[in-house]
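Input: a single structure, listed below in structure tokens.
The values are calculated or read from the model by the stated rules, or taken from the named source; none is laboratory data. Quick caveat, the model's predicted, so the values are computed rather than measured. Cβ sites come from the backbone with ideal geometry, for glycine too, and all protein chains shown count toward neighbours. In case anyone asks, the SASA skips ligands and DNA or RNA and just uses the protein heavy atoms, side chains included. Shrake-Rupley method; radii C 1.70, N 1.55, O 1.52, S 1.80 Å.
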Amino acid sequence: AIIEPDRNDPSSAAAAADVDDRHPSLSVSVSCRPCSSTGPEAGARAYVRGPRPLSVVLCSNRLRSPADVSEVLVHELIHVYDVHVRKLDLRDCRQLAYSEVRAAREAECAANGPPGGAAAAVGLA
């Protein structure tokens, strides 16, 4: 889900990621905090805020292990890539569905794929 940014969130830590030579580098803020049980973040383990600036929020009250953190980071960073590089608008249901399938394939379904999955490929496993 895309949620408007919280510009007053002091727990954010900036992490720069170079996408590739065809695209400019992108700074993505990653923060970890307890998430609400109501509103857009209800039930989420993590979510993307944005689009400007793009940030990832990890729900500390819903992540129980390093494997959970790796999985949700891969999932949410796929969404960031889709917004930044593929120019998807995740407020559009079709584009969100496309991005969700890609994100699930690389994160939640990675255990059924190649050894280590996408998380290992990006050094998170």
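Restricting attention to the stretch 19-39, which residues are within 18 Å of LEU73 (Cα to Cα) and either modelled with pLDDT of 80 or more or of a type in the set (D, E, K, R) (or both)?
SER27, VAL28, SER29, VAL30, SER31, CYS32, ARG33, PRO34, CYS35, listed by residue number.
For the stretch 46-73, which positions are open to solvent by 10 Å² or more (accessible area, probe 1.4 Å), over 13 Å from ALA107 (Cα atoms) and at pLDDT 90 or above?
Those that are open to solvent by 10 Å² or more (accessible area, probe 1.4 Å), over 13 Å from ALA107 (Cα atoms) and at pLDDT 90 or above: LEU58, SER60, ASN61, ARG62, LEU63, ARG64, SER65, PRO66.
Would you check which residues across the stretch 37-69 are of a type in the set (D, E, K, R) and in a loop (DSSP other than H, G, I, E, B) and list them?
Initial filter on the stretch 37-69 (of a type in the set (D, E, K, R)): 41, 45, 49, 52, 62, 64, 68.
Once the filter is applied, which keeps residues that are of a type in the set (D, E, K, R) and in a loop (DSSP other than H, G, I, E, B), the stretch 37-69 yields ARG45, ARG52, ARG62, ARG64.
For the stretch 92-125: of the residues being modelled with pLDDT under 55 and part of a loop (DSSP other than H, G, I, E, B), which is surrounded by the most Cβ atoms within 10 Å (Cβ to Cβ)?
LEU124
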